[in-house]
1. Let me check the size of segment 149-245 from its C-alpha atoms; what are the radius of gyration and Dmax in Å?
2. Tell me the accessible surface of S325 in square angstrom (1.4 angstrom probe, heavy atoms of protein chains only), to the nearest ten.
3. Just the projected area, averaged over all directions, of the convex hull on the alpha carbon atoms of the chain: how many nm²?
4. By the gyration tensor of its Cα atoms, with a ≥ b ≥ c the square roots of the eigenvalues, what is the shape of segment 317-408: rounded for a/c under 1.5, prolate for a/b over b/c, or oblate?
5. What fraction of the DSSP beta bridges in the chain is antiparallel, stated in percent and rounded to the nearest 5?
6. Before rounding to the nearest 500, sum -39500 (n - 2.57) across all DSSP H runs of length at least 4 in the chain and divide by the residue total; then give [θ] at 222 nm in deg cm²/dmol.
7. Have a look at A294, V305, G342 and report the one farthest towards the positive end of the charge dipole of segment 289-347, computed about the Cα centre with Cβ charges (Lys/Arg +1, Asp/Glu -1).
8. At a probe size of 1.4 Å, how large is the accessible area of F326, to the nearest 10 Å²?
Amino acid sequence: MTASLVRQVVPRPRATTTRVHGTTAPGFASVRHVFERACRAAGPPGAQGAALAVVRDGEPVVDLWHGTADPAARTPWTGDTLQPVLTGSHQILATAVLLLADMGALELDRPVAEYWPEFAARGKGAVTLRDVLTFTARLPGMAADLDQRDIEDPRMMAALLELHSPEDDPRAGGVLHGPWTAGWIVAEVVRRVDGRDLDLFFLEEIAGPLGLDIHFGLVPDQLPQAARISYDEGFRARFPAPGSGVGVDEAELVGRVWNNPSPFPADAGVWSESRRRHAVVPSLGAYASARGLAGLQGVLAADAVRAPGEEPLLLSRRTLDQARSFWVEGLDPLLGGISAYGEGGLQLLDEGLHPAVCSGAFGHQGPGSVAYQAWPAAGAGVAWVCSRLTAGPGAGVLDEVARALRAA
């Protein structure tokens with residue numbers, strides 16, 4: 001029988017089952033049940049998938065997945081599936097900058113122009129790296145008219161940013177969710193001070209040494225592992241477009257920040273094109289498994305409570321203490337919702353229903369399909385990813401994880 005005939009008669013694998021796959025440690029069975037309910041509520045397993053991972057004291061205690069990674073390719077979700085992190089990429093980006101600060105290669109309170117002289121043009125000479133990481137640089141959007149292909153060239157975006165002035169709009173300093181510009185600034189600074197592009201620096205200094213499945217852009221062999229995102233009903237309504245009923249001035253600012261171009265275009269398939277998956281899109285283009293995200297958060301949680309002077313896994317206690325020190329909090333004037341950031345750009349999170357576990361939490365939680373958190377008090381890192389973008393990812397699931405950790 002020829003190889004071609006073999007391919008014709010061998011049954012295609014089922015794309016999904018309704019089962020939850022993976023393992024939980026003793027004491028975490030309730031987490032599996034809550035995860036399964038959340039997956040059922042998200043929709044048919046043939047149309048979406050999700051994963052949950054928890055690391056405590058360096059050991060996995062929850063590793064679960066369910067559903068379909070790519071409905072078009074009939075690819076089932078596995079423990080190695082890579083989710084486009086989108087707006088959740090910011091803390092991963094900040095971690096790279098904090099490592100460079102730990103290495104002595106840069107300082108967060110120094111002007112960006114000290115590392116990238118051309119950036120000083122048009123009134124940006126005093127903008128610091130801390131301003132960029134905490135979204136207070138008054139550079140939340142781009143004036144140049146961009147399309148979805150433009151954003152895949154970080155060096156071109158850096159050159160365009162050299163020509164931009166800080167926003168005059170008084171709300172610009174409080175836009176704490178700007179999707180694009182911080183990433184392009186950080187990527188260019190990394191290249192200038194280290195010599196490596198962001199994707200290679202992160203691979204060689206963080207993901208590779210720690211064994212984390214987190215990447216800025218994918219190589220061809222990783223494409224079959226990538227999830228295809230979709231939108232829940234009403235998700236895109238959170239991001240108003242010009243002409244949608246807001247005032248003229250606000251529409252202009254919204255357009256520059258959230259529609260130039262939109263990070264959530266009407267065709268979600270943009271994020272599943274091979275070209276986009278290969279590209280380095282610093283603020284939104286990280287790809288990660290739930291295991292990788294939980295692993296990184298577990299490392300940061302451990303380093304955050306390490307004795308001063310003790311050898312860290314990744315970041316020194318001094319750097320993390322500063323990075324988690326409160327810097328800014330506010331109600332985003334374009335999207336609503338209160339956000340708070342530490343001095344190093346780490347999003348500071350509410351301790352919720354379980355302060356004994358979640359006190360001092362940081363990470364990322366916001367609109368989209370990703371929530372990941374470091375819980376230093378519990379020595380834990382937790383990550384929830386889902387291919388269907390929603391307004392509030394995994395809140396009930398994370399509450400159950402915290403309850404189980406407290407009981408354990």
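The values are calculated or read from the model by the stated rules, or taken from the named source; none is laboratory data. Remember, predicted model here, so these are calculated numbers, not experimental data. We place every Cβ from the backbone using ideal geometry, glycine too, and count neighbours over all the protein chains shown. SASA here: full protein model, heavy atoms, side chains in, ligands and nucleic acids out. Shrake-Rupley method; radii C 1.70, N 1.55, O 1.52, S 1.80 Å.
1. 17.2, 50
2. The accessible area comes out at roughly 40 Å².
3. 20.7
4. Cα axes put segment 317-408 in the oblate bin.
5. Taking every DSSP beta bridge with both residues in the chain, the antiparallel ones total about 95 percent.
6. Helix contribution divided over all residues of the chain: -9000 deg cm²/dmol.
7. Selected residue: A294.
8. 120
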